[in-house]
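This report refers to the structure that appears directly beneath it.
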Amino acid sequence: MAAAKRATTRTQPGRVLAGHGNQKRAAGQAAAGPLVVKQGDRVAVVGDSITEQKLYSRYIELYLTACQPQLDLHVMQFGWSGEWARGFAARLDNDLLPYKPNVVTPCSG
């Protein structure tokens, strides 16, 4: 059975944190995609109230910095309770891009 492709939105010139594609794997085994974060990247976690409360997004930050400390990543949270993708898209230029993230990952429930 072919794995389904996930749709991702890419901002220019940034990257999306999660890998995607037709990765083959055994049942129940998580696919490991290529590492997309690079040395000194500025990672933005964007989303709704899950991101706004800065708990889950801190887990992402802790995981990245503990597993890859040599990368010296800077992780930022951009959450707004009740946020929808189209709402954040309207605020993108004003609320996210001034911070110049290299990698953006959505986080919503």
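One table, with the values for the structure above:
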item	result
Whichever residue in the stretch 53-109 is polar (S, T, N, Q) and part of a loop (DSSP other than H, G, I, E, B) and, among such residues, is surrounded by the fewest Cβ atoms within 10 Å (Cβ to Cβ)	S81
Top-ranked residue of the stretch 47-85 - restricted to ones that are of a type in the set (S, T, N, Q) and at pLDDT 85 or above, ranked as farthest from V103 (Cα to Cα)	S81
Qualifying residue in the stretch 33-51 (condition: without any contact (Cβ under 8 Å) to a residue 24 or more places away in the chain, outside any helix (DSSP H, G or I), exposed (fewer than 12 other Cβ atoms within 10 Å of the Cβ) and out of contact with any His (no Cβ under 7 Å at 6 or more places or on another chain))	yes
Selection status of Q29, outside any helix (DSSP H, G or I) and either touching an Asp or Glu at 6+ places or on another chain (Cβ under 9 Å) or at pLDDT below 50 (or both)	no
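The values are calculated or read from the model by the stated rules, or taken from the named source; none is laboratory data. Remember, predicted model here, so these are calculated numbers, not experimental data. Positions of Cβ are generated from backbone atoms using ideal geometry, with glycine treated the same way; all protein chains shown enter the neighbour counts.
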